[in-house]
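Peer 1: I have a structure here, written as structure tokens, and I will follow up with some questions on it.
The values are calculated or read from the model by the stated rules, or taken from the named source; none is laboratory data. In this text the structure is predicted, and so the values were computed from the model without any measurement. Cβ atoms come from the backbone with ideal geometry, glycine included; neighbour counts cover every protein chain shown. Keep in mind that these areas ignore ligands, DNA and RNA; they rest on the heavy atoms of the full protein, side chains included. Shrake-Rupley method; radii C 1.70, N 1.55, O 1.52, S 1.80 Å.
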Amino acid sequence: MKKIMNAADTLVEDMLAGYVSAEHDRVAISKEHPRVLYKKQKKTGKVGIVSGGGSGHEPLFFGLLGENLVDSVAIGNLFAAPTPNAVLAAIKEADQGAGVICLFGNYAGDVLNFDMGVELADFEEITALNLPIADDVASADQRHQSERRGIAGDLFVLKEVAAAAAKGYSLEACYQIGLAANSRTFSLGVGIEPGTNPINGKKNFELAANEIEFGLGIHGEPGIEKMPLVSAHKLVGKMMARLLLELQDYAEQELLVCVNGLGATTMMELYIVNKEVSQLLQQAGYHVSDTVVDSICTTQEMAGFSITLHVLNEELKELYQMEAFSSCYFHKEVDQ
Amino acid sequence: MKTLTVQEAHGMLKKIANEWINHEEQLGEIDRKIGDGDHGIGMANGARAILQNVTETDEKNLANLFKQAGMAMMESMGGASGVIFSALFLGVAKAAKKQEVLTVEVLASGMENAVKEIKQRGKAAVGDKTMLDALVPASEALSADHSRDFVSALAIAREKAAEGVEQTKRYPAKHGRSKFLGERAIGFQDAGATSVALMCQAMYDYVKEEEK
Ligand SMILES: Nc1ncnc2c1ncn2[C@@H]1O[C@H](COP(=O)(O)OP(=O)(O)O)[C@@H](O)[C@H]1O
Ligand SMILES: [Mg+2]
């Protein structure tokens, strides 16, 4: 394995220290917990926004600490959900008296730890609600939508809930926005090369030379099928056919799109993917309000990408339009 | 052997922790087949935290010993198994309240607490291919024991736990990362259940050696 690092047991701390030095004017490490980062800000009394998850998926989750985005994050060991105490500390950092919403990918470990963190916060008289994000269509069928894993779709759900909070929506209203945004977010990924676990040097899955995994999860969880590598046109066509099925139930034709790289896939490849995505959406009669092409939800040097489609409605569209920025994402308000 | 002092219970905890550390690689390999391969790292982290943080602050406070073990795991691990395995020790801590020595009965009632808590938190049942498939039969064996003798009670418990691990090979996964594999998880054993079996084996080995 070739990784630039010091030692396995300082991996996460070294990374966090480096991030905080780079962003020191905006972000700091919590005094309550070394695995919690928060955005420096004046407390305005809005609903607090917490996110978090295992390390190794950078720039998620701390990359979204920012203006009209996330207030604090709880960070776990490599690929492992943060502990209940870290979640509690993140909730305390985000709390401004109006309650807190925790958004994270829907994985057993995250749900267990965030549930416990919320229970601990309750003892301290802070109301916090958990909203696990479940966008990966490869992981469960439509009838079991709430059981799906969370992948790059996190971005849109977080952005809209955070905007609602920034606009002064109540905790319950923010939560409802989150439920709606989550149920309208659909992602599908393919893996073409594994990533390496920097602690033990192991690859997170195995594939033959010309083989790709259709529907791969971000931790290397096997997807729907293994298939040969085909052209971008064919591959994206197959992915979009699956994703567009999910959109059938919606009358709205306005979408947000994210083409997310998994770590080692180049921007060149991601833009080629997006060319295919946008052509297919246009042909299908959809209007794309905003497209994010970047590597936001990654797994080390894993190669591959995911496509996320998010169906807007009037309310979500207005929330998405709100200006927001962080170290890995920005959105400028536009008059349409 | 009918009772363990706080010091002996501590010795047993260290034995369990070392068993997990020694099997880090193997647990990782098992998790890699149907999960994400980090179970060994997680359990070894938790085990090292037990070795570092559990101290006999009071030779009469058995509950505190297990509480420290549970909290050490909870704070060091994260992931699904952090909450689940810390609940195991916290369950025993609850049963050990006001007890000065560990008996088979206290351990059995602690394991029952743990099973209840883990089921409630993780919403899994026996047959879902989780650590419960090993923990529940081991806990039932302890509760059914009439000998009150650690060696004979744990001999059965570790057998039941090992059988439980074998059973997990027959099930599709319903929880955790492997649930997305469904039927494709059949044929592979569950990592968390393996950790439970290792724990039972270590407890048995400890009392067997102490008895001599
Ligand atoms: N809901 C649950 N109830 C009980 N045990 C569970 C549950 N979900 C997962 N587990 C156990 O956790 C183990 C996985 O642990 P680990 O790999 O350390 O965590 P993660 O799933 O976060 O990677 C599984 O093998 C299983 O035994
Ligand atoms: Mg795992």
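Peer 1: Note the full-extension length gain between A:Arg242 and A:Met1 as 0.36 nm times their separation in residues minus their Cα-Cα distance, in nm to one decimal.
Peer 2: Result: 83.2 nm gained on full extension.
Peer 1: I've got another one for you. Taking amide H positions as placed 1.01 Å from N in the peptide plane, with prolines and chain starts having none, which residues 5 or more places from A:Val27, or on another chain, fall under 5 Å of its amide H?
Peer 2: A:Lys40
Peer 1: What distance in nm lies between label points placed 7 Å from Cα along the C-beta direction at A:Gln142 and B:Gln120?
Peer 2: 3.8 nm
Peer 1: Measure off, as a whole percent, the carbon and sulfur share of the 1.4 Å-probe accessible area of the range A:85-188, all protein chains present.
Peer 2: 49 percent
Peer 1: Within 10 Å of each Cβ in peptide A:217-230, how many partner chain Cβ atoms are there on average? Round it to a whole number, please.
Peer 2: Partner-chain Cβ atoms within 10 Å, mean over residues of A:217-230: 2.
Peer 1: For chain A, what does the accessible surface come to per residue with a 1.4 Å probe? Please give it in Å².
Peer 2: On a per-residue basis, chain A sits at 39 Å².
Peer 1: Using 0.36 nm per residue of separation minus the Cα-Cα distance, give me the extension gain between B:Ser147 and B:Asn53 in nm, one decimal.
Peer 2: Details: separation 94, 0.36 × 94 = 33.84 nm, distance 3.32 nm.
My answer for the length gained is 30.5 nm.
Peer 1: Could I ask something else about it? If you take the square roots of the eigenvalues of the alpha-carbon gyration tensor of the range B:38-188 and sort them as a ≥ b ≥ c, do you get rounded (a/c under 1.5), prolate (a/b over b/c) or oblate?
Peer 2: oblate
Peer 1: If I fit a long axis through the Cα atoms of helix B:150-168 and take the longest principal axis of the Cα atoms of chain B, what angle between them do I get, 0 to 90°, rounded to 10?
Peer 2: Value to nearest ten degrees: 10.
Peer 1: For the range B:105-131, list whatever residues lose no less than 40 Å² of accessible surface once every protein chain is in place, relative to that chain by itself, with the probe at 1.4 Å.
Peer 2: In the range B:105-131, residues shielded by partner chains: B:Arg121.
Peer 1: Between A:Tyr320, A:Tyr271, A:Tyr107, which gets the highest mean-square fluctuation from a Gaussian network model of chain A, Cα cutoff 10 Å?
Peer 2: Highest fluctuation among the options: A:Tyr271.
Peer 1: Classify chain A as rounded, prolate or oblate from the Cα gyration tensor: take a ≥ b ≥ c as the square roots of its eigenvalues, call it rounded if a/c is under 1.5, otherwise prolate when a/b beats b/c and oblate if not.
Peer 2: In terms of gyration-tensor shape, oblate.
Peer 1: Mind grabbing the interface size between A and B? I mean buried accessible area, both sides, 1.4 Å probe, in Å² to the nearest hundred.
Peer 2: Values: alone 14230 and 9910 Å², together 21740 Å².
Heavy-atom accessible area buried at this interface is about 2400 Å².
Peer 1: Could you put B:Val101, A:Val73 in order of accessible surface area, largest first, with the 1.4 Å probe and the full protein assembly present?
Peer 2: Descending accessible area places them as B:Val101, A:Val73.
Peer 1: Checking buried surface per residue: for the range B:64-87, which residues lose a minimum of 30 Å² accessible area in the protein assembly relative to the chain alone (1.4 Å probe)?
Peer 2: With the partner chains in place, the range B:64-87 has these residues losing at least 30 Å²: B:Met74, B:Glu75, B:Gly78, B:Gly79, B:Ala80, B:Val83.
Peer 1: Given a 1.4 angstrom probe, I'd like the percentage of the accessible area of chain B that is carbon and sulfur, rounded to a whole number.
Peer 2: Accessible surface attributable to carbon and sulfur in chain B totals 48 percent.
Peer 1: Which order, highest average first, do A:110-117, A:239-246, A:197-204, B:88-95 follow once you tally other Cβ atoms within 10 Å for each residue and take the mean per peptide?
Peer 2: A:110-117, B:88-95, A:197-204, A:239-246
Peer 1: At 0.36 nm per residue, and after removing the present C-alpha to C-alpha distance, how many nm does the segment from A:Glu172 to A:Ala17 gain when stretched out fully?
Peer 2: 52.3 nm
Peer 1: In addition: Looking only at A:Pro194, A:Pro84, A:Pro228, which one moves most when chain A is put into a Gaussian network model with springs between Cα atoms under 10 Å?
Peer 2: A:Pro228
Peer 1: Could you report chain B's accessible area per residue, 1.4 Å probe, as an integer in Å²?
Peer 2: On the way: 8660 Å² over 212 residues.
That works out to 41 Å² for each residue.
Peer 1: Please check the range A:63-77 for residues whose accessible area, probe 1.4 Å, is lower by 20 Å² or more when all protein chains are in place than in their chain alone.
Peer 2: Relative to the lone chain, where solvent access is computed with a 1.4 Å probe, the range A:63-77 loses at least 20 Å² at A:Asn77.
Peer 1: Taking a ≥ b ≥ c as the square roots of the Cα gyration tensor eigenvalues, with a/c under 1.5 meaning rounded and otherwise prolate when a/b beats b/c, else oblate, which class fits the range B:1-53?
Peer 2: prolate
Peer 1: With n ≥ 4 as the cut-off for DSSP H runs, can you work out [θ] at 222 nm for chain A, using -39500 (n - 2.57) per run divided by the number of residues, rounded to the nearest 500?
Peer 2: Helix-only estimate at 222 nm: -10000 deg cm²/dmol.
Peer 1: Separation of the range A:233-251 and the range B:11-81 by C-alpha centroid, Å?
Peer 2: Between the Cα centres of the range A:233-251 and the range B:11-81 lies a distance of 45 Å.
Peer 1: Next up: If you count, for each residue, the other Cβ atoms within 10 Å and average over each peptide, how do A:171-182, A:297-308, A:16-27 line up from highest to lowest?
Peer 2: Values: A:171-182: 20.4, A:297-308: 24.5, A:16-27: 14.4.
Final packing ranking: A:297-308, A:171-182, A:16-27.
Peer 1: Per-residue ellipticity at 222 nm for chain B, helices alone: DSSP H runs ≥ 4 residues times -39500 (n - 2.57), over residue total, nearest 500 deg cm²/dmol? Mind showing how you got there, number by number?
Peer 2: Values: 9 runs with 148 residues, N = 212.
My calculation for chain B gives -23500 deg cm²/dmol from helical runs alone.
Peer 1: Distance cut-off 20 Å, Cα to Cα: go down the list B:Lys123/B:Lys160; B:Lys15/B:Lys212; A:Lys226/B:Lys174; B:Lys60/B:Lys97; B:Lys33/B:Lys179; B:Lys15/B:Lys179 and report the pairs above it.
Peer 2: From B:Lys123/B:Lys160; B:Lys15/B:Lys212; A:Lys226/B:Lys174; B:Lys60/B:Lys97; B:Lys33/B:Lys179; B:Lys15/B:Lys179, over 20 Å: B:Lys123/B:Lys160; A:Lys226/B:Lys174; B:Lys15/B:Lys179.
Peer 1: Right, something else. Looking at the range A:178-235, which GluC sites (Glu not before Pro) are in a loop (DSSP not H, G, I, E or B) and have at most 15 other Cβ atoms within 10 Å?
Peer 2: A:Glu206
Peer 1: Based on Cβ point charges of +1 for Lys and Arg and -1 for Asp and Glu, what charge dipole magnitude is obtained for the range A:236-322 about its Cα centre, in debye rounded to the nearest 20?
Peer 2: In debye, rounded to 20, the range A:236-322 gives about 360.
Peer 1: Once you average over the residues of A:135-148, how many Cβ atoms of partner chains fall within 10 Å of each Cβ?
Peer 2: Rounded to a whole number, the mean comes out at 1.
Peer 1: Now for a separate question. Which percent of the accessible area of the range A:1-71 is formed by carbon and sulfur heavy atoms (probe 1.4 angstrom)? Intermediate values should be presented prior to the final figure.
Peer 2: Details: 1860 of 3370 Å².
Carbon and sulfur: 55 percent of the exposed surface of the range A:1-71.
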